[in-house]
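Below is one structure; the comments refer to it alone.
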Amino acid sequence: MHSLSYRRHRFPPVVIQHAVWLYLRFSLSYRDVEELLAERGLDISYESVRSWVLKFGPAIARALRRCRPRPSDRWHLDEMVVRIAGRHMYLWRAVDHEGEVLEILVQRRRDKRAAVRLMRKLLRKQGFAPKQVTTDKLRSYGAAFRHLGLSCHHEQGLRQNNRAENSHQVVRRRERKMQRFKSPASAQRFLSVHAVVHNTFYLQRHLVSRSTLRIFRSEAAAQWRTATIAA
């Protein structure tokens, strides 16, 4: 594990870390972050914020990912259409039954090959096979499971897959704020980082008491501080 280096930056690490946190945690633009920092007396260009997010975001996400507990073995898979540079692309998403984002993959197609690629990446990253997978009625999923030899229970249906459908809402908000993604590569890079930060601060406050929420918030903040120091 190596410490993140903030050398040769004009502003101290705490300012950089706060700017990156604001952009990844909330549905803000770079200019919104610039305005929030200016309100605190910090004259920082939105271009500086953008460079900090691109430089430190992936390293922070990797450190946060190492702190996450093992997800459940009940997965929900879904795909949605996104328009990138005038072309229709498909955003494939996998979450567990508690809403933990397992994988996001931007692809051009919505066929068996794309589903196989998603599952291979999922199995390699998680290191175990699920016991139950819930999808919509797209036949590509079943073909991919047979191709990979997965014997898990496969449920299909729109309502059964509401967990994955609802998880798209966060991405849709960011897509509107960013005025659509500019390229598949930039979309993949941002969404991969954003998913890890979302997992860290997604506390499901409607299911816990106020005292428990305070504990969860302090733990999430501690994970963020640790990740911004070591990556």
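The values are calculated or read from the model by the stated rules, or taken from the named source; none is laboratory data. Everything numeric in this text was worked out from a predicted model, so none of it was measured. As a convention, Cβ positions derive from the backbone with ideal geometry for all residues, glycine included, and neighbour counts pool all protein chains shown. Remember, those area values only see protein heavy atoms, side chains included, never the ligands or the DNA or RNA. Shrake-Rupley method; radii C 1.70, N 1.55, O 1.52, S 1.80 Å.
Give segment 158-178 a look and list any residue that's of a type outside the set (S, T, N, Q), open to solvent by less than 50 Å² (accessible area, probe 1.4 Å) and within 17 Å of Leu102 (Cβ to Cβ), or say none.
Passing the criteria: Ala164, His168, Val170, Val171.
Just to be sure, is Thr228 farther than 22 Å from Glu103 by Cβ and buried (at least 19 other Cβ atoms within 10 Å of the Cβ)?
yes
Inspect segment 118-140 for any residue being in contact with a helix residue (DSSP H, G or I) (Cβ under 8 Å, 6 or more places away or on another chain), assigned to a loop (DSSP other than H, G, I, E, B) and among the basic types (Lys, Arg) and give the result as yes or no.
No.
Would you say Ser186 is surrounded by 13 or more Cβ atoms within 10 Å (Cβ to Cβ), of a type in the set (S, T, N, Q) and farther than 16 Å from Arg93 by Cα?
Judged against the criteria, Ser186 is a match.
Looking at segment 100-111, can you tell me whether even one residue there is assigned to a helix (DSSP H, G or I) and more than 22 Å from Arg173 (Cα to Cα)?
There is no residue in segment 100-111 that is assigned to a helix (DSSP H, G or I) and more than 22 Å from Arg173 (Cα to Cα).
Which of the residues spanning segment 60-78 are surrounded by fewer than 17 Cβ atoms within 10 Å (Cβ to Cβ) and either more than 16 Å from Gln188 (Cα to Cα) or more than 14 Å from the chain's Cα centre (by Cα) (or both)?
Once the filter is applied, which keeps residues that are surrounded by fewer than 17 Cβ atoms within 10 Å (Cβ to Cβ) and either more than 16 Å from Gln188 (Cα to Cα) or more than 14 Å from the chain's Cα centre (by Cα) (or both), segment 60-78 yields Arg65, Arg66, Cys67, Arg68, Pro69, Arg70, Ser72, Asp73.
Show the residue pairs meeting these rules: Cβ distance below 7 Å; 6+ apart or different chains; first residue within segment 46-61 and more than 18 Å from Ile104 (Cα to Cα); second residue of a type in the set (Asp, Glu) and part of a helix (DSSP H, G or I).
So the pair list comes out as Tyr46/Glu34; Val49/Glu34.
State all residues of segment 170-200 that are over 21 Å from His18 (Cβ atoms), in a helix (DSSP H, G or I) and not aliphatic (A, V, I, L, M); if no residue qualifies, say none.
Result: Arg172, Arg173, Glu175, Arg176, Pro184, Ser186, Gln188, Arg189, Ser192.
Could you list, in sequence order, the residues of segment 201-225 that are in a helix (DSSP H, G or I), open to solvent by less than 60 Å² (accessible area, probe 1.4 Å) and within 22 Å of Leu102 (Cβ to Cβ)?
Once the filter is applied, which keeps residues that are in a helix (DSSP H, G or I), open to solvent by less than 60 Å² (accessible area, probe 1.4 Å) and within 22 Å of Leu102 (Cβ to Cβ), segment 201-225 yields Phe201, Ala220, Gln223, Trp224.
Take the residues in segment 91-116 that are under 28 Å from Phe201 (Cα atoms) and surrounded by fewer than 18 Cβ atoms within 10 Å (Cβ to Cβ), then tell me which one is nearest to the chain's Cα centre (by Cα). Spell out the reasoning first.
To start, the set of residues in segment 91-116 that are under 28 Å from Phe201 (Cα atoms) comprises 91-107.
Imposing the further condition that a residue be surrounded by fewer than 18 Cβ atoms within 10 Å (Cβ to Cβ) reduces the set to 97-99.
On the way: His97: 16, Glu98: 15, Gly99: 11 Å.
Among residues in segment 91-116 that are under 28 Å from Phe201 (Cα atoms) and surrounded by fewer than 18 Cβ atoms within 10 Å (Cβ to Cβ), the one nearest to the chain's Cα centre (by Cα) is Gly99.
Out of everything in segment 130-157 that is open to solvent by 60 Å² or more (accessible area, probe 1.4 Å) and in contact with an Asp or Glu (Cβ under 8 Å, 6 or more places away or on another chain), what residue ends up being modelled with the lowest pLDDT?
The residue in question is Gln156.
What pairs come up if the first residue lies in segment 1-20 and is buried (at least 17 other Cβ atoms within 10 Å of the Cβ), the second is of a type in the set (Ser, Thr, Tyr), and their beta carbons are under 6 Å apart, counting only those six or more places apart or on different chains?
Note: pairs meeting the criteria are Gln17/Thr228.
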